[in-house]
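Since the structure comes first, as structure tokens, the remarks are kept for the end.
Please treat every number below as a calculation from the coordinates, not as lab data. Remember, predicted model here, so these are calculated numbers, not experimental data. FYI the Cβ positions are ideal-geometry reconstructions off the backbone, even for glycines, and counts take in every protein chain you see.
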Amino acid sequence: MSSAVNVTIHSSQFPEAVRRDLLASLRMRQVNHKFHYDSVKQTQKWLALHAAYSPSRTDDDCAATYDASFTASAQRIEANSVHLIGLGCGGGQKDARLLRLLQSAGKRVAYTPSDVSVAMVLVARAAALPIVGAADCHPLVCDLATADDLPAVLAQQAEPAAARLITFFGMIPNFEPQLILPKLAALLRPTDYLLFSANLAPGPDYTAGVQRILPLYDNALTRDWLMTFLLDLGVEPADGELRFTIEDDPAGSGLKRVAAYFHFQRLRQIAVAEESFAFRTGESIRLFFSYRHTPDRVHTLLAQQRLAVLEQWITRSGEEGVFLCQPSP
Ligand SMILES: C[S@@+](CC[C@H](N)C(=O)[O-])C[C@H]1O[C@@H](n2cnc3c(N)ncnc32)[C@H](O)[C@@H]1O
């Protein structure tokens, strides 16, 4: 087998687009999440923290919840051939498990691991290769937030007769729902299935639920991962302090999110692509946010995009939910 791999790189991740997005992040003091997964170093740090804190890896019931959703999805799909498209696939562990279940249900499978990070799509490809032949695996690097022609790009990747199952696992927390959901809905053909997972606020009290999950973010591994972005640009740890907070969705949806800000306690100047940025004492830059949903809020947000929830699976902890959806007729 050749040691070279074909990876399709969409223009949304070409160097000039990445440079534009990076400068916008620094100007706005709001870091686009994609810059936390850019380098091999960040990918390794994120994979380590995912293994340590993601309920899908640490909670057997959560893994079983995903499995139940995978089995049900495999049963629902009648076609013999399935094209699985993993949007923001990360390390691809969940997609690989789903591919295995589809295959054991007698389906022929093809896979598009898609992410902004080349390292992630290669890790996801490696996870899928024991199940999907190399010829049926089509790694795609693209930015879901800015790539406008994804329907056409994806249509080229698998046989037209295959049923399509699109996964969007752990993605919705890191995007403003009103920005990403219309794009996701626009990708779906009428007969496509969408398997979507969301981090939830556990328990009947939404605010208390969001407070309860704060330690999943405010910990050493997450701090180390998030700070990599700033340190690689020339910021020093002693320039300020990273603080986590819970804030309301600025768009007024009623959702809450955990957010991380680096607060500068002394002047730091950095230069990026011939532009210089001065962060003054008292200024802050938002590094990260993660929305927490509830099943009802997920239904409402999806319905606004004419996506109907066919079935759902919620973990016993109440911290994560998987939703199988299809465009409403
Ligand atoms: C929280 S991880 C989820 C990974 C995986 N789906 C899972 O559930 O384990 C978010 C993933 O989204 C990717 N990502 C971030 N911003 C993106 C964007 N704008 N377009 C596509 N992928 C993005 C990251 O590289 C990362 O792999």
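Per residue, the average separation of C-alpha pairs within less than 8 Å and at least 6 apart gives the range 148-259 a relative contact order of 20 percent. Note on the range 1-44 and the range 228-300: Cα centroid distance 18 Å, given to the nearest whole angstrom.
Around the amide H of Asp143, modelled in the peptide plane, lie the amide H atoms of Ser12, Gln13, all under 5 Å away and 5 or more residues distant in sequence or on another chain.
Relative contact order, whole percent, for the chain stands at 19, derived from Cα pairs under 8 Å and 6 or more residues apart. Residue by residue, the range 236-243 carries 3J(HN,Hα) couplings of 10, x, 6, 6, x, 9, 8, 10 Hz when phi is fed to the Karplus relation 6.51 cos²θ - 1.76 cosθ + 1.60 (θ = phi - 60°); x denotes Gly or Pro. Calculated on the Cα set of the range 206-292, radius of gyration then Dmax: 14.5, 45 Å. Across the cross-link table entries Lys107/Lys183; Lys94/Lys256; Lys94/Lys183; Lys45/Lys107; Lys45/Lys256; Lys41/Lys256, which are compared at the Cα atoms, the separations over 24 Å belong to Lys107/Lys183; Lys94/Lys256; Lys45/Lys107; Lys45/Lys256; Lys41/Lys256. Once Rg and the Kirkwood radius are both taken over the C-alpha atoms of the range 167-243, their ratio Rg/Rh works out to 1.10. Any idea what angle helix 177-187 forms with the longest principal axis of the chain, computed on alpha-carbon atoms, 0 to 90 degrees, nearest 10? Long axis of 177-187 versus the principal axis of the chain: about 30 degrees. Between Arg19 and Phe277, the simple label model (points 7 Å from Cα in the Cβ direction) yields a spacing of 1.6 nm. Working note: Karplus 6.51/-1.76/1.60 with θ = phi - 60° gives the range 159-172 the couplings 4, x, 6, 5, 6, 10, 10, 10, 9, 9, 8, x, 9, 4 Hz, where Gly and Pro are set to x.
Need one number: % antiparallel among DSSP beta bridges in the chain, to the nearest 5. Approximately 60 percent, going by the DSSP bridge assignments.
On the principal axes of its alpha carbon atoms, the range 49-159 extends 37, 35, 24 Å, with the longest extent given first.
Once the C-beta distance of Ala208 and Asn6 is scaled by a Förster radius of 41 Å, the resulting FRET efficiency is 0.25 to the nearest 0.05. Here the 3J(HN,Hα) profile of the range 68-83, calculated from phi with Karplus coefficients 6.51, -1.76 and 1.60 at θ = phi - 60°, is 4, 5, 5, 5, 5, 5, 4, 5, 5, 6, 8, 4, 7, 10, 10, 9 Hz, Gly and Pro shown as x. Its alpha carbons give the range 94-168 an Rg and a Dmax of 12.2, 36 Å. Give me, ordered by chain and number, the residues 5 or more places off Arg108 or on other chains with an amide H under 5 Å from its own placed amide H. For Arg108, the qualifying residues are Ser81, Val82.
Gain on full extension, evaluated as 0.36 nm per residue between Ala220 and Gln269 minus their Cα-Cα distance, stands at 15.1 nm. Averaging the sequence gap over all C-alpha pairs within less than 8 Å and six or more residues apart, then dividing by the number of residues, gives the range 206-292 a relative contact order of 26 percent.
For Glu311, the residues whose modelled amide H falls within less than 5 Å of its own, excluding neighbours fewer than 5 places apart on the same chain, are Leu324.
Placing R0 at 30 angstrom, the Cβ-Cβ distance between Glu78 and Thr300 gives a FRET efficiency of 0.50 after rounding to 0.05.
For the range 249-329, the Stokes-Einstein estimate of translational diffusion at 20 °C and a viscosity of 1.002 mPa s comes to 132 µm²/s, using the Kirkwood hydrodynamic radius over alpha-carbon pairs. What do you get for the angle between helix 93-104 and the principal long axis of the chain? Use alpha-carbon atoms, 0 to 90 degrees, nearest ten. With rounding to tens, the tilt is 0 degrees.
How big, in percent, is the set of alpha carbon pairs in the chain lying more than 37 Å apart?
Cα-Cα pairs of the chain separated by over 37 Å account for 15 percent.
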